[in-house]
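What follows is a single structure, written as structure tokens, with notes after it.
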Amino acid sequence: MKKDDSIVDEVRKNGLAFAARYNNNIETICKVLKAREKSSGRMTVNRAPCRVSKSK
């Protein structure tokens, strides 16, 4: 059962518009977002991947 949620609808609409601005090209979108991240001046955390060990 789906409920209408105006906030979710707005976020989806904005996401689709952003993707359309870059022809829905995921590589271009990622480059743009990385550039925005670097120019924002905010500290970002880059967590290195780690292996999950098997538990006994």
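The values are calculated or read from the model by the stated rules, or taken from the named source; none is laboratory data. On a predicted model such as this, the values are computed, not experimentally measured, just so you know. These accessible areas exclude ligands, DNA and RNA; they are computed on the full protein's heavy atoms, side chains included. Shrake-Rupley method; radii C 1.70, N 1.55, O 1.52, S 1.80 Å.
One table, with the values for the structure above:
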{"read-out": "Flag for Lys38 being open to solvent by 100 Å² or more (accessible area, probe 1.4 Å), among the charged types (D, E, K, R) and more than 12 Å from the chain's Cα centre (by Cα)", "value": "yes"}
{"read-out": "Selection status of Gly15, open to solvent by less than 100 Å² (accessible area, probe 1.4 Å) and at positive phi", "value": "no"}
{"read-out": "Filter result for the condition that a residue is assigned to a helix (DSSP H, G or I) and open to solvent by 100 Å² or more (accessible area, probe 1.4 Å), over Ile7, Ile29", "value": "Ile7"}
